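Beneath this line is the structure, given in structure tokens, with notes to follow.
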Amino acid sequence: PLRRYQLAERLAAKALSLAPLNATAITASGLAIAGTGDAERADRVLTLAGQRSWRDAPTQIWLLRRRLRQGRYAEGFAHVDALLRQEERYPPLPLAIMAAAGLDPKALQPLADRLAFSPRWRTPFLQFLAAAPRQGTSAFGPGNRVA
């Protein structure tokens with residue numbers, strides 16, 4: 001598998017030499033680099049790809065996962081927002097990801113800040129939270145406001 005990622009990285013580099021600002025080639029390069037295990041370099045490349053194209057779902061998903069794992073919630077929620085803005089209906093997975101991230105108290109303010117912009121997915125997200133089964137103590141439990 002490593003050789004495939006290395007080959008993909010070389011092919012993406014060739015594409016970038018022909019069209020340096022091509023967002024698809026930048027994404028392909030970043031994902032290939034991630035596959036080789038160089039997460040820091042992949043992060044730099046995919047951040048550039050994400051800035052070039054907010055509509056590129058693979059890039060946004062990769063950056064979302066990375067930012068949430070890093071505890072960089074404001075940035076992570078921006079990537080969820082980019083994904084949800086592309087949808088007519090809101091798939092439950094991104095909503096569940098935001099809800100799960102919200103279990104970390106450090107995520108509450110960035111989530112509240114994102115919701116304060118009243119994105120069109122705000123109501124479906126709050127409905128998702130209201131319908132979610134309660135298990136133990138949650139950051140979204142009584143007394144905690146997110147919007």
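Quick notes on this structure:
- Of residues in region 87-107 being without any contact (Cβ under 8 Å) to a residue 12 or more places away in the chain and in a helix (DSSP H, G or I), the one farthest from residue 119 (Cα to Cα): 100
- Residue within region 96-111 that is open to solvent by 30 Å² or more (accessible area, probe 1.4 Å), of a type in the set (Val, Ile, Thr) and under 22 Å from residue 9 (Cβ atoms) present: no
- Hey, residue 127 of a type in the set (S, T, N, Q), open to solvent by 30 Å² or more (accessible area, probe 1.4 Å) and farther than 30 Å from residue 2 by Cα or not: yes
- Contacts under 6 angstrom Cβ, first residue in region 31-44 being of a type outside the set (Gly, Ala, Ser), partner open to solvent by less than 30 Å² (accessible area, probe 1.4 Å), 6 or more apart: 33/42; 41/33
- Leading residue by the ranking (most open to solvent (accessible area, probe 1.4 Å)) among those in region 1-39 that are out of contact with any helix residue (DSSP H, G or I) (no Cβ under 6 Å at 6 or more places or on another chain) and among the hydroxyl-bearing types (Ser, Thr, Tyr): 24
- Hits in region 108-128 - residues which are in contact (Cβ under 8 Å) with a residue 24 or more places away in the chain and under 18 Å from residue 87 (Cβ atoms): 114, 115, 119, 120, 121, 122, 124, 125, 128
- Total residues in region 50-73 satisfying the condition of being open to solvent by less than 60 Å² (accessible area, probe 1.4 Å) and either at pLDDT 95 or above or touching a His at 6+ places or on another chain (Cβ under 9 Å) (or both): the figure is 11.
- Any hit, region 5-25, residues being at pLDDT below 95 and touching an Asp or Glu at 6+ places or on another chain (Cβ under 8 Å): yes
The values are calculated or read from the model by the stated rules, or taken from the named source; none is laboratory data. The structure presented is a predicted model; accordingly, all values stated were derived computationally and were not measured. Glycine also receives a Cβ, built like all others from the backbone with ideal geometry; neighbour counts cover every protein chain displayed. Accessible surface is based on the protein model in full, side chains and every heavy atom, while ligands, DNA and RNA are left aside. Shrake-Rupley method; radii C 1.70, N 1.55, O 1.52, S 1.80 Å.
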